[in-house]
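These notes concern the structure reproduced below.
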Amino acid sequence: MSCNVYRKPSATLRTAMLYRCVEIMLLGVLGVSTTTLSSDPPTSKPLARIGYVAANVAPAAPSFEAFRQGLQELGWIAGQNITLEWRAATGQDDLLPTLMQELIQSKIDIIVTGGPQATKAARQATKTIPIVMIGGGSDPVAAGLIASLARPGGNLTGLATAPPELLRGKQLELLKEAVPWISHVAVLWDTSANTTEFWGAIQEAARSLTVQIHRLDMADIEGLEGAFKAAQEMGAEALLIMESPLFTLHRARIADLALAHRLPSIALFKGFAEAGCLMTYGPSEVGLVRRAAAYVDKILKGAKPGDLPVELPAWFELVLNLKTAHAMGLTIPPTLLFQANEVIQ
């Protein structure tokens, strides 16, 4: 005759049984089975693809780095939840359509454009992929890019450039304040980038300041030396540099020629002053790029580009290069130094 003898489980076995009971209870509360946990692979969300297309600068430019940092501050980190694609036309506008098609074929989610030329190329390339423009021209409505600033419609939004009458008048005013005796100003003009509305604003500002202006038309960088020679023959005493991908790309050479011909110069973006021009006055390029990152953030979170109002620059910076002023034998008035946001020594 046999009998079953009860043996008390060991302490180790009791502990293991207790852990297993707790595990089963937790899984029951969460509605998850042990089979599901062990067999289903983890899922990951595809990275959002953002393409940045500049009309002028080369990769690793400060503007692209500012854009990357702006996104990072909003929680979008390259390699973690987004990928960043960079393209640059380096002043050759005819390359822009090809660059846009490359991005579209790579299944890009958002296109960010630097400058009006890149914006127009993106708008022509796609009517569905969201586009965020940075400095998309002084009047994107008149250019047919958007329906209105408040309700752009379509797939395009971002930041426009300040009205030309505001910028040109102030730039000529600052130039004359820096060099009070000037009466003839040459205007470096890219025939492929600048429009008649700019010229009209410059003429109006020149009349109010009793300054004569002379336009130096250029179609390519090979005409740069000839343009400065023409300025000298015209009796120009200062230089206004219009914004252009071509000029931005060759800003150091332009600054050197302006110094060699002793022409105090003013341009739009700070990079020209850093390259050696006398001064710049315009919106902060880094500020514009960071604002563009905010637009990308909203679109990635579900906003439609056509519902996001297009912004005009709200803040402008004056940058003076005292090293250039000293090389030209100029003394910058204290009142102008007081207005400067930055002085390069």
For this session: Return a yes/no flag: does segment 109-129 have any residue that is free of Cβ contacts under 8 Å to residues at least 12 places away in the same chain and either more than 30 Å from Ser208 (Cβ to Cβ) or in the same structural domain as Ala205 (by TED's automatic domain parsing) (or both).
Result: no
Exercise. Can you pull out the strands (runs of 3 or more DSSP E) entirely within segment 102-210 that have at least 3 residues that are closer than 20 Å to Thr280 by Cα?
Worked result: 184-190
Exercise. Tell me, which helices (runs of 4 or more DSSP H) lie completely within segment 237-277 with 1 or more residues that are acidic (Asp, Glu) and touching a residue at least 40 places away in the same chain (Cβ under 8 Å)?
Worked result: 270-275
Exercise. Taking segment 211-223 as the region of interest, how many residues are in a helix (DSSP H, G or I) and surrounded by fewer than 14 Cβ atoms within 10 Å (Cβ to Cβ)?
Worked result: 1
For this session: Assess whether Ser63 counts as being closer than 26 Å to Gln117 by Cα, part of a helix (DSSP H, G or I) and modelled with pLDDT under 80.
Result: yes
For this session: Could you check, for segment 239-246, whether at least one of its residues is over 21 Å from Pro116 (Cβ atoms), modelled with pLDDT of 90 or more and crowded, with 16+ Cβ neighbours inside 10 Å?
Result: yes
For this session: Considering each of Thr331, Thr335, Thr280 in turn, give the residue that is crowded, with 21+ Cβ neighbours inside 10 Å and either in contact with an Asp or Glu (Cβ under 9 Å, 6 or more places away or on another chain) or not in a strand (DSSP E or B) (or both).
Result: Thr280
Seminar exercise, completed: Of Ile182, Ile110, Ile104, the only residue that is under 18 Å from the mean Cα position of the chain (by Cα) and surrounded by fewer than 24 Cβ atoms within 10 Å (Cβ to Cβ) is Ile110
Problem set entry | Single match in Lys176, Lys170 (criterion: within 25 Å of the chain's Cα centre (by Cα), closer than 23 Å to Asn341 by Cβ, crowded, with 16+ Cβ neighbours inside 10 Å and not assigned by TED's automatic domain parsing to the domain that holds Asp93) | Lys170
Problem set entry | Sole residue being of a type in the set (Gly, Ala, Ser) and either without any contact (Cβ under 8 Å) to a residue 24 or more places away in the chain or not in a helix (DSSP H, G or I) (or both), chosen from Gly287, Gly226 | Gly226
Problem set entry | Options Arg168, Arg207: the member that is under 22 Å from Ala325 (Cα atoms) and charged (D, E, K, R) | Arg168
Exercise. Checking Gly91 against (1) in a loop (DSSP other than H, G, I, E, B); (2) under 22 Å from Val310 (Cα atoms), which test does it fail?
Worked result: (2)
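The values are calculated or read from the model by the stated rules, or taken from the named source; none is laboratory data. Fair warning: this is a prediction, and the values are worked out from it, not measured in the lab. Counting neighbours? That spans all protein chains shown, and the Cβs are built from the backbone with ideal geometry, glycine included.
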